[in-house]
Amino acid sequence: MNLKKNLIVLFLFVITITACKPDEVEFSLVPDRDRTEQQAVDRDSLLGYLETHYYNSGDLDLAGTDYSISEIVITELPQDAEGNYLDLPDPDNNTLLINAVDTYTATFLEVEYEYYILNLNQGGSEYSPNFTDLAEFVYSGNLLDEEVFDSSINPSGPFDMIALIEGWRHVLPKFNIASSFEINPDGTVQYNDYGLGVMFLPSGLAYFSSPPFGIPVYSNLIFKFELYRAQENDHDEDGVFTHLEDLNGNMDINDDDTDEDGLPNFFDQDDDGDGVLTINEDLDNDGDPTNDDSNNDGIPNYLDEDATESNQEDN
């Protein structure tokens with residue numbers, strides 16, 4: 001339905017433009033806001049939200065219980081007739097968000113962002129996702145005015161985390177996946193002791209000036225989520241997990257290009273450009289090319305153009 005409406009609008013727009021003379025058509029592109037300035041605005045908005053909203057902490061504190069995102073209720077503080085906020089109702093069972101969240105910072109596009117996490121359950125497994133993993137989770141996303149713009153109540157993944165907005169790649173690695181799971185008679189999966197939380201993201205770690213339909217530009221976003229599973233990703237299937245291709249450790253896998261051939265390492269099957277495929281520079285055949293250094297120069301063979309030995313030479 002929305003697609004049809006959009007096509008009709010586009011058709012009418014084209015007709016209107018073609019009916020005008022060239023000198024009658026003027027387009028004015030609005031430049032993006034300065035990211036540093038927008039972060040200051042977003043920080044004030046998010047802190048204002050956290051200071052005036054609370055969650056039902058008393059309903060979520062029974063040890064050993066796997067709560068769901070539908071049970072997390074965030075409510076605005078009551079106000080008097082003049083619009084002044086009143087005290088927190090039932091403080092034994094409710095908690096102000098500002099007193100419950102953890103504050104984190106992340107640098108993205110040369111700007112330092114502040115974001116916030118309400119950690120309701122860390123997750124029982126020892127494994128935490130890497131920022132490039134495949135991850136399986138359910139979620140609900142809403143704006144600061146509580147309008148829900150997206151949700152997934154059943155796992156429909158896994159999601160490739162490099163395709164998610166920046167904020168997700170910072171938040172999910174701070175949780176652990178479920179400790180175990182069972183398959184129910186109806187074929188559905190029951191996860192146990194999974195990561196459960198809420199993230200509060202500034203627009204710069206979300207969609208900034210280019211949001212999808214239904215989200216205003218420069219929107220701060222809130223996501224509730226249940227983190228079930230995750231596994232390491234190897235996008236170019238060269239034997240090196242993608243998160244290990246981030247050689248400078250800045251969480252940007254696009255700026256690591258050892259042989260400077262225009263292909264980032266995570267998408268380059270010959271990382272050092274020496275003519276030997278990375279996967280074939282795994283000389284001890286242990287499935288890990290990162291621990292092979294035949295000339296002992298401190299650089300693994302797959303990143304060393306001077307080391308051209310291959311595990312295929314005797315085949």
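Just so it is clear, none of the values below were taken in a lab; they were calculated from the coordinates. Values in this document were obtained by computation on a predicted structure and should not be read as measured data. Ideal geometry is used to build each Cβ from the backbone, glycine not excepted, and the neighbour counts take in all protein chains shown.
Rounded to the nearest whole angstrom, the semi-axes of the ellipsoid equivalent to segment 156-289, taken from the Cα gyration tensor as √(5λ), stand at 32, 24, 12, largest first. Here the Karplus curve 6.51 cos²θ - 1.76 cosθ + 1.60, taken at θ = phi - 60°, turns the phi angles of segment 147-152 into couplings of 5, 7, 10, 6, 6, 9 Hz, with x standing for Gly and Pro. Over the Cα atoms of the chain, the radius of gyration divided by the Kirkwood radius equals 1.06; this is the Rg/Rh ratio.
Peptides 87-99, 111-123 ordered by packing proxy, namely the average of other Cβ atoms within 10 Å per residue, highest first: 111-123, 87-99. Taking every C-alpha pair closer than 8 Å and separated by at least 6 residues, the mean separation divided by the residue count of the chain gives a relative contact order of 14 percent. For segment 234-315, the relative contact order works out to 24 percent when only alpha carbon pairs closer than 8 Å and six or more residues apart are counted. Springs join every pair of Cα atoms under 10 Å in this Gaussian network model of the chain, and among Arg33, Arg229, Arg169 the largest mean-square fluctuation is at Arg33.
For the peptides 187-198, 254-265, residues were scored by their other Cβ atoms within 10 Å and the scores averaged per peptide; the highest-first order is 187-198, 254-265. When a/c is below 1.5 the answer is rounded, else prolate if a/b is larger than b/c, else oblate, so apply that to segment 194-237 with a ≥ b ≥ c taken from the square roots of the Cα gyration tensor eigenvalues. It is oblate, given that a/c is not under 1.5 and a/b is not larger than b/c.
Please compute the length gained on full extension between Tyr67 and Val30, using 0.36 nm multiplied by the number of residues separating them and subtracting their Cα-Cα distance.
On the way: separation 37, 0.36 × 37 = 13.32 nm, distance 4.40 nm.
Between Tyr67 and Val30, full extension yields an extra 8.9 nm.
Based on C-alpha pairs under 8 angstrom that are at least 6 apart in sequence, segment 95-250 has a relative contact order of 28 percent.
Compute the angle between helix 35-52 and the longest alpha-carbon principal axis of the chain, please, reported from 0 to 90 degrees and rounded to the nearest 10. The two axes meet at around 50 degrees. Dividing the alpha-carbon radius of gyration of segment 234-315 by the rule-of-thumb value 2.2 N^0.38 Å gives 1.00.
Neighbours of Leu205, meaning other residues whose beta-carbon lies under 10 angstrom from its beta-carbon, give a summed charge of -2 when Lys and Arg score +1 and Asp and Glu score -1. Residue separation of Asp90 and Ile183 scaled by 0.36 nm, minus their Cα-Cα distance, works out to 29.6 nm of gained length.
For segment 137-202, the calculated P(r) over all alpha carbon pairs, in 10 Å bins from 0 to the bin holding the longest distance, is 16, 49, 28, 7, 0 percent. The distance linking segment 80-115 with segment 227-282 is 38 Å (Cα centroid to Cα centroid, whole angstrom). Computed 3J(HN,Hα) for segment 82-93, one whole-Hz value per residue from the Karplus formula 6.51 cos²θ - 1.76 cosθ + 1.60 where θ = phi - 60°, is 8, x, 7, 6, 9, 5, 4, x, 6, x, 6, 10, glycine and proline marked x. Please state the shape class of segment 97-154: rounded when a/c is under 1.5, otherwise prolate if a/b exceeds b/c and oblate if not, all from the C-alpha gyration tensor. Rounded, because the longest to shortest axis ratio a/c is under 1.5. Would you please give the residues with an amide H less than 5 Å from that of Val138, counting only those at least 5 places away or on a separate chain, with H modeled from the backbone geometry? Under 5 Å from the amide H of Val138: Glu226, Tyr228. Other residues whose C-beta falls under 10 angstrom from the C-beta of Tyr115 contribute a net charge of -3, scoring Lys and Arg +1 and Asp and Glu -1. In plain terms, the residue of Asp44, Asp282, Asp271 with the fewest other Cβ atoms within 10 Å comes first and the most crowded comes last, giving Asp44, Asp282, Asp271. Neighbour counting of Cβ atoms within 10 Å sorts the residues Thr107, Thr308, fewest neighbours leading, into Thr107, Thr308. Put simply, the amide H of Phe108, placed in the peptide plane, has neighbours under 5 Å in Tyr113, leaving out anything fewer than 5 places away on its chain.
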